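Asker: If you scroll down you'll find the structure; I have some questions about it.
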Amino acid sequence: MTLNGIRNDSPKPSPNRCRTCAVVGNSGNLKRSHYGPLIDFHDIVIRINEGPTIGYERDVGNKTTHRVMFPVSATNLDNSTHFVMFPFKIRDLEWLIKTFSPSENATSGLKANKDLVMILSPAFMNYVHLKWLGRKGQYPSTGFLTLIFSIYMCDEVSVFGFGADSKGMWNHYFGEVLNLHPWTKTGNHPGSVEAAKIDELFKRKKINVYRGW
Ligand code: C5P
């Protein structure tokens, strides 16, 4: 590990790893971007929380191989989509067990293929917060965690839908500006530190960043 968490010893390309990956955040900069076909062209397309595709195909595509969600943002998935979770409290794990145990599944209401659930160690969030963000903010955003996760999973990572609006607010491509406290703008997450780190990764040619409009 070197230079503020940016690795010089990144894993080497391999046929067993994902070749190309699109990490799709929920930023309003995706509106009118026409990135849909480009996003769908990747082997792996990771979306986050409720980020919808239906009705937004032209700008965000319609392929989803992985979706990162928390209990509060969990939405139904089709049978071929991986449910990825970064648990960070006991309740998250209890929720997972309850949701996917055979006796409870029928009543939980959530549709997702239990054989495609991926759970990262809670230590991963701690690692990203400490090594990549210098413990700034309360904890990393789900999007930033997903981006770092994808660097480990994939040979080539392209990032879409990251970035605040002109007022520094984390707006969405679907619907209105997030209802955040005005003094935080990016919620509990260190938005500007994450943005600077993403820029740095881009400048060092570790990731591609598509900034939209
Ligand atoms: O808002 P939500 O958490 O669902 O968005 C998913 C991720 O996309 C965030 O965790 C953040 O990393 C990223 N995002 C962003 N800029 C925005 C909105 C979201 O970078 N305007």
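The values are calculated or read from the model by the stated rules, or taken from the named source; none is laboratory data. This one's a predicted model, so the numbers in the text were calculated from it and none came from an experiment. Quick reminder, even Gly has a Cβ in these numbers, built from the backbone with ideal geometry, and neighbours come from all protein chains shown.
Asker: Take Ile97 and tell me if it is modelled with pLDDT of 90 or more and out of contact with any Gly (no Cβ under 9 Å at 6 or more places or on another chain). Write out each step before concluding.
Answerer: On the way: modelled with pLDDT of 90 or more: no; out of contact with any Gly (no Cβ under 9 Å at 6 or more places or on another chain): yes.
Judged against the criteria, Ile97 is not a match.
Asker: For Phe162, only one of the following conditions fails: (1) modelled with pLDDT of 85 or more; (2) more than 15 Å from the chain's Cα centre (by Cα). What is its number?
Answerer: Single failed check for Phe162: (2).
Asker: Then there is this: What tally of residues in the stretch 56-72 results from selecting those that are within 16 Å of the ligand (Cβ to nearest atom) and more than 16 Å from Met118 (Cβ to Cβ)? Talk me through it step by step, then tell me what you get.
Answerer: The first filter runs over the stretch 56-72 and keeps only residues within 16 Å of the ligand (Cβ to nearest atom), leaving 56, 59-61, 64, 66-72.
From what is left, the residues that are more than 16 Å from Met118 (Cβ to Cβ) are 56, 59-61, 72.
Number satisfying all stated conditions: 5.
Asker: A further question follows. Confirm whether Lys197 is under 17 Å from the mean Cα position of the chain (by Cα), more than 10 Å from the ligand (Cβ to nearest atom) and modelled with pLDDT of 95 or more.
Answerer: On the way: under 17 Å from the mean Cα position of the chain (by Cα): yes; more than 10 Å from the ligand (Cβ to nearest atom): yes; modelled with pLDDT of 95 or more: yes.
Yes, satisfied.
Asker: To continue, here is another question. Step by step: first the residues of the stretch 23-55, then only those that are away from the ligand (no atom under 16 Å from the Cβ) and not in a helix (DSSP H, G or I), then the one that is nearest to Ser141 (Cα to Cα). Which residue is that?
Answerer: Residue satisfying both the conditions and the ranking: Ile44.
Asker: Here's a follow-up. Exactly one of (1) modelled with pLDDT of 90 or more; (2) within 16 Å of the chain's Cα centre (by Cα) is unmet by Asp59. Its number?
Answerer: So the condition that Asp59 fails would be (2).
Asker: If you don't mind, another one. Could you list, in sequence order, the residues of the stretch 65-81 that are within 14 Å of Lys111 (Cβ to Cβ) and not acidic (Asp, Glu)? Break it down stepwise before answering.
Answerer: Filtering the stretch 65-81 for residues within 14 Å of Lys111 (Cβ to Cβ) gives 67, 69, 74-81.
Answer for the stretch 65-81, where residues must be within 14 Å of Lys111 (Cβ to Cβ) and not acidic (Asp, Glu): Arg67, Met69, Ala74, Thr75, Asn76, Leu77, Asn79, Ser80, Thr81.
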